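One structure is given below, encoded as structure tokens.
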Amino acid sequence: MYFGPELACLEWLMECGSTEVIMSDGTSITCRADMRHYITDFGFNFKSIPFPTIPFKWSPVLPTISMKKLDAIYNMRWAKKPAVHIVKVDGTDSAIGDVGFQYFKECRQIEVLKLNFCDFFTDKAIEHLALGRPSRTLRNIEIVANPYISDDFIKGIKRMRGLQRAHFYFLPCVTQQTGALQSLKISLPCCRVSFPELKEVGYGYGYTVEDSNASVQKTEAKTVRR
């Protein structure tokens with residue numbers, strides 16, 4: 001992997017039209033031009049990218065391997081690549097697809113993943129996340145308005161043991177929404193999960209049942225005054 005896992009993933013994200021990627025050095029990248037400048041500043045030349053001679057093999061990420069050992073494997077494997085990593089990804093309105101999600105597998109410390117209005121990935125993409133380092137590092141995930149995610153995506157989400165916040169909305173192929181919500185709350189007891197019913201149009205990230213109740217109370221109060 002010529003650029004290393006972080007910059008390779010960054011290139012893929014921006015070539016697919018992602019909204020923003022924030023790196024560990026604080027750099028915010030919002031367009032292809034930003035991405036190219038950032039990568040070339042590390043001495044890479046886009047005009048002379050070597051063709052790989054052997055197939056790439058992903059590092060193993062198993063439940064039995066400690067995070068300390070995973071970090072040691074990462075540091076040893078990518079010691080000669082730039083010491084920066086992706087922290088936050090806003091892939092809203094992008095064309096990222098299933099195969100590309102494999103780039104996330106090797107990323108050191110992705111903590112936030114926002115995937116709203118992305119029409120090109122399926123349950124397979126979530127499986128890639130669950131099989132890589134994000135299954136340990138991801139703290140915050142948001143998926144809104146995806147026509148292909150089905151009930152099976154829950155299997156992958158439940159394997160992301162470090163999640164603290166998960167928000168899903170308008171996933172029409174998820175037929176067992178209530179069951180999915182309950183399953184996630186049981187499997188990830190430390191994670192705040194929200195999955196509003198489709199009738200609650202307009203509720204986005206951060207929505208809670210308390211917000212809904214407060215909204216109803218305000219409406220009723222206004223009605224009484226009238």
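Since every read-out is calculated from the coordinates, none of them should be taken as a lab result. Predicted model, so just to flag it, every value in this text is computed and none were measured. Heads up, the Cβs are rebuilt from the backbone with ideal geometry, glycines too, and the neighbour counts pull from every protein chain shown.
With 10 angstrom as the radius, rank LYS57, LYS105 by how many other C-beta atoms surround their C-beta, starting from the fewest.
LYS57, LYS105
Can you give the relative contact order of the chain as a percent, counting alpha carbon pairs under 8 Å and 6+ residues apart?
Rounded, it is 15 percent for the chain.
Using the Cα centre of region 101-189 as the reference point, and only Cβ charges (+1 on K/R, -1 on D/E), how large is the resulting charge dipole? Debye, rounded to the nearest 20.
460
Each residue of region 78-92 in turn: what ³J(HN,Hα) in whole Hz from Karplus with 6.51, -1.76, 1.60 and θ = phi - 60°, glycine and Pro shown as x?
With the stated coefficients, region 78-92 comes to 10, 4, 8, 9, x, 8, 10, 9, 6, 10, 10, 10, 10, x, 3 Hz.
For region 152-161, take each phi angle, set θ = phi - 60°, evaluate the Karplus expression 6.51 cos²θ - 1.76 cosθ + 1.60, and give the result in whole Hz per residue in order, putting x for glycine and proline.
Couplings: 5, 5, 4, 4, x, 4, 5, 8, 8, 5 Hz.
Using a simple charge model, +1 on the beta-carbon of Lys and Arg, -1 on the beta-carbon of Asp and Glu, nothing else, what dipole does the chain show about its Cα centre, in debye to the nearest 20?
With only Lys, Arg, Asp and Glu charged at Cβ, the dipole is about 700 debye.
Long-range amide H contacts for GLU20: which residues qualify at under 5 Å (H placed 1.01 Å from N, peptide plane, sequence gap of 5 or more or a different chain)?
Residues meeting the amide H criterion: ASP90, THR92.
Whole-Hz Karplus ³J(HN,Hα) for region 20-25, in order, using 6.51 cos²θ - 1.76 cosθ + 1.60 and θ = phi - 60°, x for Gly and Pro?
Karplus values, whole Hz, x for Gly and Pro: 7, 10, 10, 9, 5, 8.
What relative contact order, as a whole-number percentage, does region 1-131 give when Cα pairs under 8 Å and 6 or more residues apart are counted?
With pairs under 8 Å counted, the relative contact order is 33 percent.
Can you give the Rg and Dmax of region 5-195 based on its C-alpha atoms, in angstrom?
So, for region 5-195, Rg and Dmax equal 16.6, 51 Å respectively.
Can you compute the modelled spin-label distance between PHE46 and SER150, with each label point 7 Å from Cα toward Cβ, in nm?
3.8
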